[in-house]
Each structure stands twice: as structure tokens, then as C-alpha cells.
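Peer 1: Okay, handing you the structure first.
The values are calculated or read from the model by the stated rules, or taken from the named source; none is laboratory data. This structure is a prediction, so every number in the text was calculated from the model and none was measured. Note that we place each Cβ from the backbone using ideal geometry, even for glycine, and neighbour counts take in every protein chain shown.
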Amino acid sequence: MATVWLTAAAAHAQQAAADGAATLPPVVVKAAPGAETSGYVARRSTAGAKTDTPLVETPQSVSVVTREQMDAQAAQTIDGAIRYVPGVTTQDNDIRFDQITARGFDLSNDTYLDGLRLMRTTWYATPRIDPYFLDRIDVVRGPVSVLYGQGSPGGAVLMTSKLPTAEAFHEVQAQFGNYNRFQGMFDLGGPVDENGTVLYRVTGLARDADTQTDHVREQRLAIAPSLTFRPDKSTSFTFLGSYQNDPQGGLFNPVPAAGTILPNRNGRISSHDYLGDPDRDRSKREQFSLGYLFEHAFNDSFKVRQNVRYLHQSLQFYQNSLFGSLAADQRTAGLFTNNNDEHLTNLSVDTQAEAKFDTGAVNHTALFGFDVQRVTNNVSRGFSLGTVDVFAPDYRNVAFVPDITKQYIRQTQYGVYAQDQLRYRGWTLTVGGRQDWARNENTVDGAQTRDQQHAFTWRAGLTYQFASGIAPYASFAKSFQPGAGTTFDGTPFQPTHGQQYEVGVKFQPRGWDALFSIAAFDLRQKNVQTTDDDHPGFTRQTGQIRARGFEAEARVNLTDSLKAIASYAYLNQRVISAGIGDPSAGKTPPTGAPSNMASAWLDYTLHRGDWRGLGFGAGARYIGPSWGDRANTFKVPSHLLVDAALHYDVRNWRFALNASNLFNREYIAYCNSEVQCYYGADRTVIGTVRYQW
């Protein structure tokens, strides 16, 4: 295990001591390899290679959101925590689950916790993690299938839990905000015995809040205990558990383009209007997990690891009213309802062996692994029939049909992978390959379909690190996603394949606590499903999507007082082939990914004088226009959002006030079609009181 000094706390303590203030001693936290962060900057990561690797040696774009950044910006969701990452778009207003795209591709099934996938199916039971329970979030952009198996070519979001600490650490927090938001949290950790053989940590949270959407509430009660046993310096076993209960888990609220970003002669639909049935619609979610992280080093050259997690989620009483196309009067719409009762289970096991050895002047870090991922979901579904006036809804004549369909879904993946990182002087060559076998079973009202698929993926990347800290690189990587379902004639869908070429430069200047990066990429996905115009209601695999662009990011701790983040991303995404008559051919997919995005965040804290401990933060996020439908007939306007923070640290206390979307701009975050647009978050104000000892 590696020792991590929380440099911000240490700097505060040293300066305050110089000024004669009473302070706590610096906090020391033991962290797993690759978890080291300082302020807003991380130097190492396991996300891009599954080995403890410097970020400048990783031949792929990786951004790390640190715990300090999450605290400084008062992140309440994973969407909100990663909104300053280049090339990433988030909806930031759906409390049911995270909606994330990277480089124009959906990452809804590409989130990981402690290296293991949080798997979902095509319905609504989706594991969700509160950011308060995390130590960091690594966002890898581009294919990661070689290490993690099936996934989007856009990348993955890899979260790291708060783990037991070698030094005593305790905090309690209270937060309050607009929309009647009240939240209490605690985070306690430290050694159980004098020798530090047994370490513990327990983190908890309770939340009750309204939301910007009328009739939609948010409630959460969650706790995550963990225990680390270290019988010797070579062995570590960490047991992880969690329980989360969301009595009010949020509701979906799509709105039509006509009345939001397009004219509607009947008026405007605001971000507060809930268009569903407030008397019937509801959502209740319960989730728990058990698992462990095991590592044993036989010597300095060879070690083994195994990560295991079982997760179960029950999505009970989930009913959400949605609308179809608007009639000619622009107010009457057909109504349908997702009336689901779901029971989702995840089982993930990842076993790894890592060996370090030399062949002449070449140093090797070789990784071999075998993983198993299984997800099952028992679903009872109903629906509703009728039409509703969107501007004056009356649901009394809508016929609801509960539990009409029973469905059982089981998806299993086995994968074996190998990777070698070869280092010679300033050169690092990373090569890896993986073979996957995937099996899908789908049973609807007793009728079962099965299909089996397999795929081989590989990647290669070359980096050269100059003495100045400049590290140019080039890489190639492939991805795959199993296809679920069949064409009209019963032919099973083939896996969707992706591949990416990426070149870039990373710069970690000597003597600076900073990381700069720029990357250009060409990313393609084929076997994309497109509409089958000859057989309405069916799809076929004739599509191919191409995404090209570049991204730049700077993360800098300029001084012990000033920290900064800045990013820019450009994306050119096109459907370069589609089915005959498909209106998306030659167009930009309506993924919510704009051509241009930029963001910047600065935080300044005084460490001298009478106002020492006082700090200010400010940020801006520009999200350019994006297309709203497959035929590219209308655009979602651009928006510029401003965030701000004010905080004051004195002795053991921290007082903070955060405002996201400070000027309360009402905006549509993205659209999938002319009847499915989604409002972004209005102004959110959160006050925090924290005590640490």
C-alpha cells in the first residue's frame, strides 16, 4: 500500500502554523496503488492499464476527478461530478440514473466501481452510486474492451470507493439547499488495532429533497462499511458492503421540442412542469452489494489480485408516463407508461496476475486476467392506453394495464486477456489482447430466445517521455458490444464493433503539480442497428458511425492557494452508412454531443492575513448546439452555464456555499427526437457545514 499526503490539508496546516493559528495535524491516508491525487491533479491511475501506471505513460485519454474537486464543486451525482471533463456530456437532471456520453457515444452501461462493471439491461433497473462514497472518478475516453470486455467505443467511467484508512479519519457533514434539500453525511475510518493489521471505514448518507420538476422528489438512505485485513506487508484483503434505499427514486420527464426550443401556439412548457400522471407515477429503488478486493505479492516481481462483487437492485413500483407524437393541434398526444417491477442482479469476478521482469535492457510489466460478468433481470411490465392534453392533462379516462408481460433476461460474459507494458529508456510500448464469449437469454411470457457471440479485441500504444516531461503518444484500440435481439427474419444481431486511432501529447512539467494533455482521434463503430423500413418495428444492422475530433485539458495546482481546470473538445460525428431510406444517413446522431464544448474552473484560497481560510471558486461551461433528431431537422441551442463557490475553513470546520447554473438559465440539455427533449438543471444552491477530527 502507498502513503498519500493530502497536500492541500498539509499546506493549510503549515501556513496556519506559521501564522500562529491552531490547526489539526496533516491528515495521512493510506490508498491503493494508482489512487494518489493532489488537489485537482492525479499522477497515476490503474484505470487505463489495470496496473499502477503514470498517466503520462498511458497511451489513451484519461481524466481524473479527485475527491477534492468533488467537494469543492459540491457534486451530488456522477453526472455533476464529471461535467468539467472534456468530450463528456451529461444530462445532470435525471436522479434515476446517470446519462453520460463520451466522444458522442452512450456510456450508460459503461460505469465501473472498483474495477468491476455496474451492469444493467435494456430496462430501468440501473445501479447508481452516490459520489460522496467515492475517492476518485477516472474517465477513460476511447475503447477499453481489451481490459474490461464489452463496452461502448466512447470509453468508460471508473469509480473508486472510499477505502479503509491507516490513520484515524472522521468527518460529519450537513447540507441544505433550494428545493427543500436536506442531507446529512458521515465518513469514519482508521485502524482497529494498534499494529494497523485491521483497518475500517464506514460512510453514510441520508437525503430528502424536492426537485425542480413538480411532483418529483428525491430520498436516499445509504451506508457503505468496509474492512481491510493486512496479516503481513504482502497481503491485503478488503471486504466491501453497501446498502442504499431510495423511497423516492425520481421520474423521467421528457418534453416535446414544440413548446420548449420550438414554437408552440398553445404556450411554453417550463422546466418545472411534470407531464406525467402525478397521482399514479412513482419510483422506489433498493440496492445492496457485497464483495472484496484481494491482493497478494509473492515477491517484488509477482503478485495476484482478485476483485469480486455481488449486487442486487429492486426497482419497485416504477411507473412513468410518457408521451408520443403531438397531434396537429400541438397539444394532444398519445400516452404510454413504463409500469415496471424489476429485480436486477450483478455478479462480477476479475482475477489478475501481474509480473515484472527484464529481458535485457527492456523492463516488462505483464498482466494476465480472466473475468466473468453476469447480469439477470426479472421484469413485470404493464402499460397504459389513451390520449392526453399536454397543456391540461386529465388522466381519468386513461386505461392502465398492470403486469401484462413477464420477462427474464440473463446476459453472461467470459473474458481472458493479456497485456504487456515494455519500457526502454524513455519509450513505453503497451500491447494487449482479449477474447470474449457472450451469451444472451431472453424469455418473454415463456417464449425463450438465445444467442451466443464472441469477439477478439486488441490494442497497441507507444509513448515516449522526454526529460522535460513532454510525452507524445499514438495508439490503436478496438471494442465490441454484443447485439441483443434479431432482425425481421430471425437472424441474431452480430456484435457492434468499434475501433479508434488516437494521437496526443501529455505534459507533466518538472517542478509543477500539473498535467496538460491534448489528443486527436478517429473513432468508428460498425454493425449499428438502423430502422428497417420494409418491416416497421424492426431494425437491421447496416449502420456505421464515425467520430473525429480533438480534446485538450489542463489540471493545475498553481500554488497552495490557486487551483485550476480547463478543457476544450471538438467533435465531428457522422452516420456514414445506414439502411435504405434511413433519414440519419450522412447526418449527425442525436446523442446530445455538440461539436464544441469548453469549460474552466478556478479556486483561490487565502492562507495569510486576517481572512486566511476564506476561498472562492468560479467556473463556466459552454455546451455548443447539437442536433435534436435523426434527420437533423432542428437543433438544440447552445448554452453557457456559470458555477460559483464560497468557502471558509477554520480549525476543524468548513463552511461552504455552492451555486450551479448561477444565473438560473432554463435550457434543454439534449433531444433524442421531436417528442423526447430533456431539461438541464436549473440553479441549484447547496450550503455545507463540515466538521473533521
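Peer 1: Inside region 394-507, counting only strands (runs of 3 or more DSSP E) that do not spill past its ends, which hold 2 or more residues that are in contact with an Asp or Glu (Cβ under 9 Å, 6 or more places away or on another chain) and either of a type in the set (Phe, Trp, Tyr) or more than 26 Å from GLY104 (Cα to Cα) (or both)?
Peer 2: Qualifying strands (runs of 3 or more DSSP E): 399-424, 427-444, 447-464, 470-481.
Peer 1: Okay, next question. Could you please find all residues in region 670-679 being in a strand (DSSP E or B) and within 24 Å of ALA585 (Cα to Cα)?
Peer 2: Across region 670-679, the qualifying residues are TYR670, CYS671, ASN672, SER673, GLN676, CYS677.
Peer 1: Shifting gears a bit: Pull up region 132-158, narrow it to residues that are out of contact with any Leu (no Cβ under 8 Å at 6 or more places or on another chain) and of a type in the set (Ser, Thr, Tyr), then point me to the one that is surrounded by the fewest Cβ atoms within 10 Å (Cβ to Cβ).
Peer 2: Of everything passing the filter in region 132-158, TYR148 is surrounded by the fewest Cβ atoms within 10 Å (Cβ to Cβ).
Peer 1: Got a number for residues in region 615-667 being in contact (Cβ under 8 Å) with a residue 24 or more places away in the chain, assigned to a loop (DSSP other than H, G, I, E, B), touching a strand residue (DSSP E or B) at 6+ places or on another chain (Cβ under 8 Å) and more than 30 Å from LYS587 (Cα to Cα)?
Peer 2: 1
Peer 1: Can you pull out every residue in region 273-312 that is more than 30 Å from GLU218 (Cβ to Cβ), assigned to a strand (DSSP E or B) and of a type in the set (Ser, Thr, Tyr)?
Peer 2: Result: TYR292, single match.
Peer 1: Is one or more of the residues making up region 220-242 in a strand (DSSP E or B) and within 29 Å of GLY324 (Cα to Cα)?
Peer 2: Among the residues of region 220-242, not one is in a strand (DSSP E or B) and within 29 Å of GLY324 (Cα to Cα), which makes the answer no.
Peer 1: Is one or more of the residues making up region 595-612 of a type in the set (Lys, Arg), more than 28 Å from HIS272 (Cα to Cα) and without any contact (Cβ under 8 Å) to a residue 40 or more places away in the chain?
Peer 2: Scanning region 595-612, I find no residue that is of a type in the set (Lys, Arg), more than 28 Å from HIS272 (Cα to Cα) and without any contact (Cβ under 8 Å) to a residue 40 or more places away in the chain, so the answer is no.
Peer 1: If only one of ALA569, ALA593 is farther than 21 Å from GLU68 by Cα and in contact with a Leu (Cβ under 8 Å, 6 or more places away or on another chain), which one is it?
Peer 2: ALA593
Peer 1: Here's a check for you: in region 243-283, which residue that is at pLDDT 90 or above, of a type in the set (D, E, K, R) and surrounded by fewer than 17 Cβ atoms within 10 Å (Cβ to Cβ) is farthest from ASN320 (Cα to Cα)?
Peer 2: ARG265
Peer 1: Also: Can you name every residue in region 581-594 that is closer than 12 Å to ASN632 by Cβ, among the small types (Gly, Ala, Ser) and touching a residue at least 12 places away in the same chain (Cβ under 8 Å)?
Peer 2: If the condition is that a residue be closer than 12 Å to ASN632 by Cβ, among the small types (Gly, Ala, Ser) and touching a residue at least 12 places away in the same chain (Cβ under 8 Å), then SER584, GLY586 are the ones that fit.
Peer 1: Of the residues TYR310, TYR318, which is of a type outside the set (A, V, I, L, M, F, W, C), surrounded by fewer than 17 Cβ atoms within 10 Å (Cβ to Cβ) and in contact with a strand residue (DSSP E or B) (Cβ under 8 Å, 6 or more places away or on another chain)?
Peer 2: TYR310
Peer 1: Given HIS647, HIS639, which one is within 30 Å of GLN175 (Cβ to Cβ) and surrounded by 21 or more Cβ atoms within 10 Å (Cβ to Cβ)?
Peer 2: Just a single option satisfies the conditions, and that option is HIS647.
Peer 1: Go through (1) of a type outside the set (Val, Ile, Thr); (2) touching a Pro at 6+ places or on another chain (Cβ under 7 Å); (3) at pLDDT below 95; (4) closer than 19 Å to VAL556 by Cα one by one and return the number of the condition MET70 breaks.
Peer 2: Here MET70 meets the rest and fails (3).
Peer 1: So the check is Cβ under 6 Å with 6+ separation or different chains; which pairs have a first residue in region 555-569 that's in contact (Cβ under 8 Å) with a residue 24 or more places away in the chain and a second one that's of a type in the set (S, T, N, Q)?
Peer 2: Once the first residue is in contact (Cβ under 8 Å) with a residue 24 or more places away in the chain and sits in region 555-569, its partners that are of a type in the set (S, T, N, Q) give SER561/THR605; LYS563/ASN557; SER567/SER599.
Peer 1: Just checking, how many residues over region 313-332 are in a strand (DSSP E or B) and not polar (S, T, N, Q)?
Peer 2: Qualifying residue count for the region: 7.
Peer 1: I've got another one for you. Quick check on PRO594: is it buried (at least 17 other Cβ atoms within 10 Å of the Cβ) and touching a Cys at 6+ places or on another chain (Cβ under 7 Å)?
Peer 2: Answer is no for this residue.
Peer 1: Could you list, in sequence order, the residues of region 529-567 that are modelled with pLDDT under 75 and out of contact with any strand residue (DSSP E or B) (no Cβ under 7 Å at 6 or more places or on another chain)?
Peer 2: Answer for region 529-567, where residues must be modelled with pLDDT under 75 and out of contact with any strand residue (DSSP E or B) (no Cβ under 7 Å at 6 or more places or on another chain): ASP533, ASP534, HIS535, PRO536, GLY537, PHE538.
Peer 1: Do you know which residues across region 336-385 are part of a strand (DSSP E or B), modelled with pLDDT of 90 or more and small (Gly, Ala, Ser)?
Peer 2: If the condition is that a residue be part of a strand (DSSP E or B), modelled with pLDDT of 90 or more and small (Gly, Ala, Ser), then SER348, ALA353, ALA355, ALA366, GLY369 are the ones that fit.
Peer 1: Something else about it: Consider LYS406 carefully, then state whether it is crowded, with 16+ Cβ neighbours inside 10 Å and over 26 Å from THR359 (Cβ atoms).
Peer 2: Taking the combined requirement at face value, the residue does not satisfy it.
Peer 1: Say we look at region 210-219 and pick out the residues that are outside any strand (DSSP E or B) and touching an Asp or Glu at 6+ places or on another chain (Cβ under 7 Å); which of these is surrounded by the most Cβ atoms within 10 Å (Cβ to Cβ)?
Peer 2: THR211
Peer 1: While we're here: Any residue in region 223-246 that's under 25 Å from THR126 (Cβ atoms): show its pairings with residues that are of a type in the set (Asp, Glu) at Cβ separation under 6 Å, as long as the two are six or more apart or on different chains.
Peer 2: Taking only residues 6 or more apart or on different chains, the pairs are ASN245/GLU286.
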